[in-house]
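Dropping the structure in here first, questions after.
The values are calculated or read from the model by the stated rules, or taken from the named source; none is laboratory data. The structure presented is a predicted model; accordingly, all values stated were derived computationally and were not measured. Reconstructed Cβ throughout: ideal geometry from the backbone, glycine too, with neighbour counts over all protein chains shown. These area figures cover heavy atoms from the full protein model, side chains too; ligands, DNA and RNA do not enter into them. Shrake-Rupley method; radii C 1.70, N 1.55, O 1.52, S 1.80 Å.
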Amino acid sequence: MCGDLYPQFEYSVWHPNRKHSPINKTVLASVSGSICGWNSIEEPPCKNRFYSLGVRAALWQLRDTPGFHIAKRVPSMGQSMAESEFCFAPTGAGYGKRNVMSTTVGCIPVIISDHVTQPYEPFLDWNEFGVWIPESDVKDTEVILRGLTPQIKKAKMEKLYCAARHLAFTTVYGGLFEGDTGEFDAVATLVHILRTRKRHPGVPDHKLMEVDPEFADFMACKPHSFPTAGAGSAGSAEAVQPSAPPLPLAGITNKVRKTIDDDAYPKRTVTTAQWIRAAIGGHAGQGKGGGGSPDGQAWTPPSHLCLFNIREVLYAPHDAPDLPERAINESMRPGQCMPRNGYRIGVFPPGGSIMCPPTGPITKCERNV
């Protein structure tokens, strides 16, 4: 719910205060927070290679790139996000909450977390209003973000406004959007999901909107008309170039195939540099034609990021005995199962991990990274 950060949401580009103090987006992409460990000031190379699955350490490599703001601390995370076009939403020691924060303040979320379920997925398509980059394509992050055209970004911002209303508990904490009645807020969304499941027993979640048009309209925030003025609200979905090819499915791009995600989220899509090039004619990341930098700085050749977790992390059966890290390093080759509690902070229940599938603890050797 991000209740502790709710005051930060007043920086939302759709907040009533924006009538008198609009937000100017001056940064292409940003993220702030610990890089190598929870509440840590350590900088890469990180001692804990598995914190954030290596994503935060990879993004740290963009800190001196024009248009990017990568910092360990900022005075106001909400303001920093609102002033950015894109906001990275990596995991941390656990699930993370920047996905909800960035969406609520009006910053297009960038997800780089294979096999991590996002809020209200599959009812919300996070690659439709955000940018879901496969971990295997993290090196192309800058190319992808600079390659998104103004038309594509406008279409995402329109859908982002609806998604933000579904994620915000406005009926609990108060309104965040100009003229919002709370009819589509997170509480209402949860009730609609439960009611729709009851109407259609046995129907998989990813098919509920197909069989229930009323639920589909609710998730699309209909019949509400989207705002057309002010920072962040723009355009219509029709502005997307019609020649853009279909987005690739996550199951095709994931490093690990045939996971539980393939059944739970068969329609999950991702954004890759290859798709960007096909959508805009092969000019991804090449200056102003590829999105450029909103702060007006000169374009530089795109960075090629690398993830720092040099071993694959595998979790063993939930009832397997624990092993000390020394024994793991000495006796287990890369690709073997890690113990059930390996690299797991204490607040998680025994047998679980920060990468458990949505059905619960892993009961067999399952590759997750």
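Please verify whether residue 52 is buried (at least 23 other Cβ atoms within 10 Å of the Cβ) and not β-branched (Val, Ile, Thr), treating the condition exactly as stated. Outline the logic, then answer.
Working: buried (at least 23 other Cβ atoms within 10 Å of the Cβ): yes; not β-branched (Val, Ile, Thr): yes.
Criteria met by residue 52.
Look at residue 65 and say whether it is open to solvent by less than 30 Å² (accessible area, probe 1.4 Å), hydroxyl-bearing (Ser, Thr, Tyr) and either over 30 Å from residue 158 (Cβ atoms) or in contact with a helix residue (DSSP H, G or I) (Cβ under 6 Å, 6 or more places away or on another chain) (or both).
Answer is no for this residue.
Scanning for something at pLDDT 95 or above, more than 9 Å from the chain's Cα centre (by Cα), buried (at least 21 other Cβ atoms within 10 Å of the Cβ) and not aromatic (Phe, Trp, Tyr), does the range 87-94 turn up at least one residue?
no
Let me ask you something else. Return the residues of the range 163-192 that are part of a helix (DSSP H, G or I) and open to solvent by less than 10 Å² (accessible area, probe 1.4 Å); say none if nothing qualifies. Give the steps one after another, and end with the answer.
Restricting attention to the range 163-192, the residues satisfying the condition of being part of a helix (DSSP H, G or I) are 163-167, 170-173, 186-192.
Residues satisfying the conditions are 163, 164, 165, 166, 186, 189.
If the requirement is being β-branched (Val, Ile, Thr), within 16 Å of residue 164 (Cβ to Cβ) and in contact (Cβ under 8 Å) with a residue 40 or more places away in the chain, which of these qualifies: 55, 105?
Only one candidate qualifies: 105.
Now for a separate question. Residues 153, 207, 222, 198: which one is of a type in the set (Lys, Arg) and not in a helix (DSSP H, G or I)? Step through it out loud before you land on a result.
Values: 153 fails: not in a helix (DSSP H, G or I); 207 fails: not in a helix (DSSP H, G or I); 198 fails: not in a helix (DSSP H, G or I).
Criteria check complete, one pass: 222.
Moving to a separate point now. Among what's in the range 115-124 and is touching a Ser or Thr at 6+ places or on another chain (Cβ under 8 Å) and not β-branched (Val, Ile, Thr), pick the residue that is most open to solvent (accessible area, probe 1.4 Å).
120
Ok, one more. Would you check which residues across the range 105-145 are of a type in the set (Gly, Ala, Ser) and more than 23 Å from residue 83 (Cβ to Cβ) and list them?
113, 136
Which ones in the range 125-148 are open to solvent by less than 10 Å² (accessible area, probe 1.4 Å) and not in a helix (DSSP H, G or I)?
130, 131, 132, 133, 134, 148
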